[in-house]
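Right, one structure below, let's go through it.
The values are calculated or read from the model by the stated rules, or taken from the named source; none is laboratory data. Quantities reported herein were computed from a predicted structural model and do not represent experimental measurements. Cβ: placed from backbone, ideal geometry, glycine included. Neighbour counts: every protein chain shown. SASA here: full protein model, heavy atoms, side chains in, ligands and nucleic acids out. Shrake-Rupley method; radii C 1.70, N 1.55, O 1.52, S 1.80 Å.
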Amino acid sequence: MKKTIVITGGSDGLGKTLVKYFSNENNVIIVATNEEKCKIVANDNNCTYKVCDVANYSVVEKTINEIENEYNKIDVLINNAGLWIQEELDSNDSDRINSVVDVNLLGVINCSKAVIPCMKKNNDGLIININSQAGINHKAERVVYNATKWGVTGFSKSLQDEVAKYGIRVTDVMPGMMKTDMFNKMNIQKNMENGLDTKEVCRLIQFIIDTPNDVMIPEVGIKNINN
């Protein structure tokens, strides 16, 4: 049976792979800020898209309402949008810090808040937060990034307790380093040999989606064996 799956940050990286993986058998809606990229990925995968800044709640709410009106329900929300930042804290640009916090943490909160009323109506729904191993670990020169991911960890755990009574499940997925262009975009040279293939993350998410609606997977980690 087709599900309606909303994927934030679906125009690039893991999100792009998720769109390709799920679009054949589901109604997939990409939510991202770059319309040109959205259009290309949507056309390539026969799905739709919405231009939306996840850090802006009023825009998020409008977008989610539009999707609900078009598809009558939202079965799965995959909070995948994210930004990278590194270097020592006092070297980080303050505007970049704000952007990373807004997208990585506030974006997850905004999208979850907006979709919950729709899921409550159906007494069913699944929110998957694409977190990171950085959400349980700590490392120098990753202060802001790790802070946002630890925030997602706490948010996911608390939200699980809050929405279970409405039949809504929340799963925190914590991948290790993945083979994406994230570092190249920041002009960071990094050996990606031991990165995780994004298709393996998709296979894990498929398993989560296929789990019976009375079973919740609170959190799950996945990484390359040598990373």
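Data for the structure
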{"item": "All lysines inside 18 Å of residue 37 as judged from Cα atoms, apart from same-chain residues fewer than 8 positions distant", "result": "16, 20, 50, 185"}
{"item": "By accessible area with a 1.4 Å probe, ligands and nucleic acids excluded, highest first: order of 36, 162", "result": "36, 162"}
{"item": "The chain - mean residue ellipticity at 222 nm from DSSP helices (-39,500 (n - 2.57) per run, n ≥ 4, rounded to 500)", "result": "-13500 deg cm²/dmol"}
{"item": "Helical segments meeting 24 Å axial Cα length and Kyte-Doolittle -1.0 threshold in the chain (DSSP H)", "result": "143-163"}
{"item": "Theoretical FRET efficiency, 1/(1+(r/R0)^6), r = Cβ-Cβ of residue 211 and residue 48, R0 30 Å, to 0.05", "result": "0.70"}
{"item": "Accessible area in square angstrom per residue, the chain, 1.4 angstrom probe", "result": "51"}
{"item": "Amide hydrogen neighbours beyond the local backbone of residue 50, cut-off 5 Å, H modeled", "result": "30, 31, 32"}
{"item": "Dipole magnitude of segment 18-114 about its Cα centre (Cβ charges: Lys, Arg +1; Asp, Glu -1), debye to nearest 20", "result": "380"}
{"item": "Segment residue 39-residue 124, extension gain: residue separation times 0.36 nm, minus the distance between their alpha carbons", "result": "27.6 nm"}
{"item": "Descending principal axes extents, segment 1-160, alpha-carbon based, whole Å", "result": "48, 34, 27"}
{"item": "Largest to smallest accessible area among 207, 155 [probe 1.4 Å]", "result": "207, 155"}
{"item": "Estimated dipole of the chain in Debye, rounded to 20 [Cβ of Lys and Arg +1, of Asp and Glu -1, Cα centre]", "result": "420"}
